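Please read the structure below before turning to the comments.
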Amino acid sequence: MEQPVEAAITPLAPSISSRNWSEPLAFVVMVTVLAVAPLYIYPMFLMQALCFALFACAFNLLIGYGGLLSFGHALYFGWASYLAAHSAKVWGFPPELAILTGTLTGAVLGVVAGSLAIRRQGIYFAMITLALAQMMFFFALQMKFTGGEDGIQAVPRGRLFGMVDLADQGNMYITVVVIFLAGFLLIHRIIHSPFGEVLKAIRENEPRAISLGYKTDRYKLLAFVLSATLAGLAGSTKAIVLQIASLTDVDWPMSGEVVLMALVGGLGTVFGPVAGAFIIIAMQTYLAQVGQWVTVIQGVIFVVCVLLFRRGVIGELAAYLRIRL
Amino acid sequence: MKRLLSLTAVAVALAASSAQAQQVSVKIGVMSDMSSLYADIGGPGSTAAAKLAIADFAKSNPNVKVELVSADHQNKADVGSGVVNKWYDTENVDLVIDVPNSGVALAVSQIAATKNKVFIVSGAAASDLTGPKCNANTIHWTYDTWMLANGTGKALVKTGGDSWFFLTADYAFGHALERDTAAAVEANGGKVLGKVRHPLNTNDFSSFLLQAQTSKAKIIGLANAGGDTINSIKAGAEFGIVKGGQKFAGLLVFASDVNALGLATAQGLTLTETWYWDGNDNNRAWTKRWQTERAAAGKFPTMVQAGVYSGITHYLKAVASLKSGADGKAVVAEMKKLPTDDVLFGKGTIRADGRKIHDAYLLEVKSPAESKYPGDFYKVKATIPAAEAFRPLKDGGCPLVSG
Amino acid sequence: MFEIFGIPSQALFSQLLIGLINGSFYALLSLGLAVIFGMLNIINFTHGAQYMLGAFVAFLLLQHAGIGYWPALIVAPILVGLIGMVIERTMLQWLYKLDHLYGLLLTFGLALIIEGLARNYYGSAGLPYQMPDVLVGGYDLGFMRLPIYRGWVIVASLTVCLGTWFVIERTRLGANLRAATENPTLVRAFGINVPRMITLTYGFGVALAAFAGVMAAPIYNVSPQMGSSLIIVVFAVVVIGGMGSIMGAIVTGFGLGVIEGLTKVFFPEASNTVIFVIMAIVLLVRPAGLFGRRA
């Protein structure tokens, strides 16, 4: 008998309309920080971290609220990144269409993979997602358009809506922040909607949800597709920002990294994945100088988090302050 | 680590300088794979080589102040480009050097061109860097796929290896290596009897080697790299490939790979490199210094690391001549104008497409009986003169040239 | 592509034999994983790193203690098994009551640590390890030349696999073990020290991985990455065979080795992917795996 994931997470207070003040306050804090940060911190780093933050939030939707551990989320992130890069570079799409193309790719792949994976639960679900991701990794390796080991490089930033030149870092930054916030708010809306409540019910006790008449498979599939779509959005944005789409984005260590981000930040919290993403990306960037230790440090963080900080940074903070984050 | 490096470099510069009239200041970044596949080919060894280059140059040019930083691109194009962007934008790095991994190198080359900085590729192999993807800010130093393919392919055919079978890693780099080598083989009168493509990072090659054995080709060309090459050769030893009269041609093999294989397994392997630690007295003396700097037992420098030393030396020469490192294009133009001369690669030139020209050597791995001391890996089968070793200027398709 | 039209039977048999040899590595490794998952419900992502440790320890034994291949076959697994037991006592035991996820994440983190440390101290190109002289050379079987070492691999892994299966499924010790995982409280009431059995079992599974590592050292590159490229494939094998089933892991390991070998002949570029395709199909059709007991 296995206890589901959230038994180790702070149980969410049962309330349909959250009349609590902590989440909106945290949101305001986050937006303020994002507005001010580029003055002090290298903007490219911030943009990269925001893309991964969105990716981690999308992943968290599935595991933290749906109870489904996907071990192959890089599939949607990476392939969306490829399609966005290709459409911007080769088909000449303006950035908003390129990002849309990538996001749709994530959605389509999510539907296909989801309908296959949903049929099983628990560890088998995770294994299927991993298998599918690995298969698609090998396709990416072999297909011409992905550029194989070199990836797709020199992706043009383009002009957003034909007007805003994204080669300018400031414009790009604002665009990324807007996309991130839109995705974030969407996830928040999903979590706190009737759909979200049913999802949580399914996570807690699926047989009971079925007995109540809910078609649980459909809910799970929808959650899966939403998660994949938003991961696709994150991947497409990243392709435009960094102007690169490469094999790293579809490989299984990337899937492992997004799990790490969500874990470090706090599974099942709204802000957790954001914090987790920033922490991990910061570590990679600022520790690049002592690069040979990055793997070991990541491993240590995994171990320490699992043993001692299962609730993640934000989760522990929230539990300590007795608020919801 | 970073602080230690900068402190060392600053200390060296300070120690060597007294009151000067014109201080030229530059910052160099060694970006390599410090932690995975190519860490022994470039990695911390490249940083060590860089330190030696800076120290040597400071001795005779006290008015040039050089700061050194290093980073790990972890073989990821996005990590690499992220670090390089940060270096160029916020840390005033003027030169990025090394970068084993063609994908990362191509990305960095673009960035260097956009930001008008300098990029010297020592570690990566893609001949496109001086071909269609060339630009006025990039120099390709040590070797490239064309040179490897032609060096090994042509030289082997001329010495009797005229029938070939390819074992190719199934991705762009492997295909390119196979294509270029097959072209060289056929252009020199040899025949390609067949090929088989294996997935990247294959553990077990027995099945593919069986096919190679059946083909009865005299030479089995390994169009792969790193762990794949090592595994191919190890399996080859087991299946008695060499005993059966066939030979392996390693199309991308470094001294560190031979070290990892051990001579008993690797003996008879033919490969091409542009620098070998035991090639002459200069190289040997430098290697001793490198080993002290590197402070890791049992390692020998590869041509990539020697290339870092040589590249930095010439860069600093150009900067000293211009009295500034600020304008990347100007520095590179100066580097192309000045002939190169350093203790490792000797005299050479840099062409208009950014290609550094020097001799190449066809090497064969010695048997354990022939090896007299640790590191005595190779016997030199042939020297390929610089004029023939690299792709002709007109064939590259570099816009800087044909335009 | 080098087409061998109408594959001559010679070539076919030789590829089958080679597939069988590869299968024995898969079987050895998935056996360890299956033991650990079947008995302990832990998904041991560290398995690849422990396989690598086995090879590294064998190298170190040779380098520093002059202990050669044959003793290393016993000593290295014991040493690495001990390390495994320490891991279990200090870290894993706190996670048994929780979701699988945490065990997976912890062992994943451990794998990163072990691999990273190995790479920092030994570089990534690999370490040389020579084959013991007795096993060098080959038999001419007519249709191919079989290296003696590969023949030894098949024999050794079959022995170990069947031995393990026998102990777990057919002896009193194995029965106690299986009972302990199904109903620890009851078994403890019989006076059996359940936590110690669990520790020993984990250690045994790890030792199996290390044993495979020592076997691999003479023929595959001994590098810090050697485990991570294999681990995903081995997971697929275990999942296909059925995560709790020992015999399933063994049979699937050998079977998949053969299938992979055949794919290498007919469609070599896909030889990495075929296992995942099969895994996806099996999971959809028979979710518990081919031999599995739990759904």
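The values are calculated or read from the model by the stated rules, or taken from the named source; none is laboratory data. Please read all numbers here as calculations on a predicted model, not as lab measurements. Glycine also receives a Cβ, built like all others from the backbone with ideal geometry; neighbour counts cover every protein chain displayed. Surface areas here come from the heavy atoms of the whole protein model, side chains and all, with no ligands, DNA or RNA. Shrake-Rupley method; radii C 1.70, N 1.55, O 1.52, S 1.80 Å.
Hand me the trypsin sites (Lys or Arg not before Pro) from the stretch B:321-397 located in a DSSP loop with no more than 14 other Cβ atoms within 10 Å, in residue order please. Walk me through the intermediate numbers first.
Working: sites: B:323, B:329, B:336, B:337, B:347, B:351, B:355, B:356, B:366, B:372, B:379, B:381, B:394; in loops: B:323, B:351, B:366, B:372.
Sites meeting the loop and neighbour criteria: B:323, B:372.
Taking other residues whose beta carbon is less than 13 angstrom from the beta carbon of residue C:50, and scoring Lys, Arg as +1 and Asp, Glu as -1, yields -2. Taking a straight Cα-Cα cut-off under 20 Å and skipping sequence neighbours fewer than 8 places away in the same chain, the lysines within cross-link reach of residue A:200 are A:215, A:220. Relative to the dominant Cα principal axis of chain B, helix B:145-158 is inclined by about 40°. Legend: distances between Cα atoms for B:154/B:195; B:59/B:356; B:115/B:356; B:154/B:329; pairs beyond 29 Å are B:154/B:329.
Partnerless cysteines in the protein assembly as shown, where a partner means another cysteine C-beta under 4.7 angstrom, comprise A:51, A:57, A:305, C:161.
The separation of the stretch B:181-202 from the stretch C:51-78, counted between C-alpha centres, amounts to 38 Å. Rounded to the nearest whole Hz, the Karplus-based 3J(HN,Hα) values (6.51 cos²θ - 1.76 cosθ + 1.60, θ = phi - 60°) of the stretch B:227-244 follow the sequence x, 4, 4, 4, 5, 4, 5, 4, 5, x, 4, 4, 8, x, 4, 5, 4, x, with x at glycine and proline.
Once the mean of 1/r is taken over each pair of separate Cα atoms and inverted, the stretch A:254-325 shows a Kirkwood hydrodynamic radius of 12.2 Å.
Tell me the per residue accessible area of chain B using a 1.4 Å probe; a whole number in Å² is fine.
Numbers: 13020 Å² over 403 residues.
I get 32 Å² per residue for this part.
Near residue B:67, the amide H atoms lying under 5 Å from its own belong to B:26, B:27, B:28; only residues 5 or more places off or on other chains count, and H is placed 1.01 Å from N. A cut-off under 12 angstrom between Cβ atoms defines the neighbours of residue B:307, and their net charge, with Lys, Arg +1 and Asp, Glu -1, is -3.
Between helix C:9-40 and chain C there is an angle of about 10 degrees, using the helix long axis and the longest principal axis of the Cα atoms.
The stretch A:135-182 and the stretch A:193-215 have Cα centres lying 37 Å from one another.
Per-residue Karplus couplings for the stretch B:132-144, computed as 6.51 cos²θ - 1.76 cosθ + 1.60 with θ equal to phi - 60°, are listed in order as x, 9, 6, 8, 7, 10, 10, 10, 9, 8, 6, 7, 7 Hz, Gly and Pro entered as x. For residue A:133, neighbours were defined as the other residues whose beta-carbon sits under 12 Å from its Cβ, and their charges (Lys and Arg +1, Asp and Glu -1) total -2. Using alpha carbon centroids, what distance separates the stretch C:92-146 and the stretch C:149-195, in Å? So the separation of the two Cα centres works out to 22 Å. Beta-bridge orientation, the protein assembly as shown: approximately 35 percent antiparallel, per DSSP, counting only bridges with both partners inside. Put simply, the amide H of residue C:141, placed in the peptide plane, has neighbours under 5 Å in C:146, leaving out anything fewer than 5 places away on its chain.
The Kirkwood hydrodynamic radius of the stretch C:170-295, based on inverse pair distances between different Cα atoms, is 16.7 Å.
Give me the percent of Cα-Cα pairs in the protein assembly as shown that sit more than 61 Å apart, rounded to a whole number. Kindly include the intermediate steps, with their values, before the conclusion.
Numbers: 35686 of 522753 pairs.
Percentage above 61 Å: 7.
Computed 3J(HN,Hα) for the stretch C:207-223, one whole-Hz value per residue from the Karplus formula 6.51 cos²θ - 1.76 cosθ + 1.60 where θ = phi - 60°, is 4, 4, 4, 5, 4, 4, x, 5, 4, 7, 3, x, 10, 10, 5, 7, 9, glycine and proline marked x.
Angle of helix B:328-337 to the longest C-alpha principal axis of chain B, folded into 0 to 90 degrees and rounded to 10: 70°. Taking amide hydrogens as placed 1.01 Å from N in the peptide plane, the amide H of residue B:363 sits under 5 Å from those of B:271, B:272, B:273, B:381, each at least 5 positions away in sequence or on another chain. Label positions at residue C:9 and residue B:162, each projected 7 Å from the Cα along the C-beta direction, are separated by 3.8 nm. Once the dipole of the stretch C:25-224 is set up with Lys and Arg at +1 and Asp and Glu at -1 on Cβ about the Cα centre, which of C:154, C:38, C:191 lies farthest towards its positive end? Checked the options; the winner is C:191.
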